[in-house]
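So the structure is just underneath, and the comments pick up after that.
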Amino acid sequence: MPPGAATILVVDDEPNIRKTLRMVLESEGWAVLDAGTAEEAEALLQAEPVNVAIFDIKLPGTDGLTLLSRARELWRDLPVIVISGHADAPEIGDAMKRGAYGFLQKPLERERVIVTVRSALEWRQLKDGERTQAAREPRFDDMVGQSPAMRRLREEIAKVAPTRAPVLILGESGTGKELIAEELHRRSKRAAGRFEKVNCAAIPGELIESELFGHEKGSFSGAGARRVGRFELADGGTLFLDEIGDMSLAAQAKVLRALENAEITRVGGEKAFTVDVRVIAATNQDLDGMVRAGTFREDLLHRLKVVPLHAPPLRERLSDLPALVDRFVTLAARRNDLRSKPLEPAVLERLAGYRWPGNVRELRNVCERLLIMSGDRIRVADVPADIGPRAGGTTAGNGAAMGVAAGAAGHGEVALKDLRDLVERDYILKKLEEHDWNVTQAAQALGIERTNLHKKIKQHGLARGRRGGAEDEGQETEP
Ligand SMILES: Nc1ncnc2c1ncn2[C@@H]1O[C@H](COP(=O)(O)OP(=O)(O)OP(=O)(O)O)[C@@H](O)[C@H]1O
Ligand SMILES: [Mg+2]
């Protein structure tokens, strides 16, 4: 909030005081509202955004102290300055106890008024900052990305979120599974209910049942008082079972029962409770493999897999890199009290050539490191040596990107357009391979016309069974 944009409310029954304060405050560029009574003041506060309020302690009708208490209740972040007559010392103490920000004594001194209001405004700004921070922190990264993979994911989230169906989120480490779970909850009809997160990997096997379902007093050694489980806490909301691959078989059996009957029983308890819980689970483990190995229940997997969502690995959505980097550099700046810095385009190029085994989480950490360690700009030379085409292993997924990135490194900076081309080329190739070079199907998956895809295949020199570019034209199979 620029200082000039602040609005100050003055409440005093003496027109002269109102007039004086208005002149003083307006001379500082602040907007002024005034009221002669507490009732009028409250109506103004309801109707207008006010940044700081100044109340006279003595008002006809409802007095200033009562108004102060009301205001503290209704507008908690509104700093209130009280005005008292010279002989009102006890009232000042009372006002401070009721949460007044500061006080002014009559006769009013211009300088003191200005200093007090200015400092109240600063306090208010701090509060606003904290609040935005708090609102942002848990989800300080709403999902970033407009790549085809992310768009598809968002569409799927929008479809499944309002339903009751259990959702299983699959994806490598750091791909944003938790973020997806939160998004599902936020967009569900249960958004007002709780989002209970249980990290199954962090809770010892023998305790997970009691964590999830609660226990009756003394039901096992170490079980003290009765305990309410997470299923009960999530009643009316969402239960997020993170790292579900780490859950014991015994707990799996109980979770299955809870899902099928919408009922739970506390450990050591007899009575079954009905709970209304939507379960979302996530893992980066191969649950099918675990079923074969006998460590994960097949029936539970089927129950959870009604709607599987796949969090795409970062290397399959490299076109999101610029937006993600931008977000993470900005966030890192905010977190470390630094100014954000511009990026040499070649940095993106270099990042696009890396395999990103740790996915978005790894990218976030790299961005923070880049911001902190670089000079006035983030340059390619600042990128750690282990973030590059030869590092992080190779995959078919970014083979082409690697080729271009490695080639480009020798030529210095690479334009954003080249990065876009490279990402596009890689993605088209991936889709073609997924559809066994059936151009019609691949075009559909890409959401473009078949003729357009033909053009792009030619333009990028794509050919079947070749990743590094081709001189001749593709020999794609036609349906
Ligand atoms: N699409 C995205 N946009 C912005 N930030 C993201 C995105 N995906 C992931 N992140 C960020 O990356 C980090 C890792 O995400 P998250 O914890 O959700 O991953 P995960 O898949 O649960 O990983 P793990 O399997 O290791 O638990 C978080 O800081 C998250 O905010
Ligand atoms: Mg996670």
Original post:
Within the stretch 370-386, can you find the residues that are part of a loop (DSSP other than H, G, I, E, B), among the hydrophobic types (A, V, I, L, M, F, W, C) and surrounded by 12 or more Cβ atoms within 10 Å (Cβ to Cβ)?
Top reply: VAL383
Original post:
For the stretch 169-185, does any single residue satisfy the condition of being within 30 Å of ASP426 (Cβ to Cβ), in contact (Cβ under 8 Å) with a residue 60 or more places away in the chain, assigned to a strand (DSSP E or B) and in the same structural domain as VAL306 (by TED's automatic domain parsing)?
Top reply: yes
Original post:
On the given criteria, is ALA346 modelled with pLDDT of 90 or more and either more than 23 Å from SER173 (Cα to Cα) or assigned to a loop (DSSP other than H, G, I, E, B) (or both)?
Top reply: no
**OP:** Please name all residue pairs, on different chains or six or more residues apart, with Cβ atoms under 7 Å, provided the first residue is in the stretch 278-303 and is under 21 Å from ALA165 (Cβ atoms) and the second residue is within 16 Å of ligand 1 (Cβ to nearest atom) and of a type in the set (Phe, Trp, Tyr).
**Re:** ILE280/PHE240
Original post:
Which is closer than 27 Å to GLY174 by Cα, outside any helix (DSSP H, G or I) and away from ligand 1 (no atom under 16 Å from the Cβ), of VAL279, VAL255?
Top reply: VAL279
Original post:
Do you know which residues across the stretch 226-272 are over 21 Å from LEU207 (Cβ atoms) and within 16 Å of ligand 2 (Cβ to nearest atom)?
Top reply: THR238
**OP:** Determine if the stretch 283-297 includes at least one residue that is aliphatic (A, V, I, L, M) and within 16 Å of ligand 1 (Cβ to nearest atom).
**Re:** yes
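The values are calculated or read from the model by the stated rules, or taken from the named source; none is laboratory data. What you see is a predicted model; the values in this text were computed from it and never measured. FYI the Cβ positions are ideal-geometry reconstructions off the backbone, even for glycines, and counts take in every protein chain you see.
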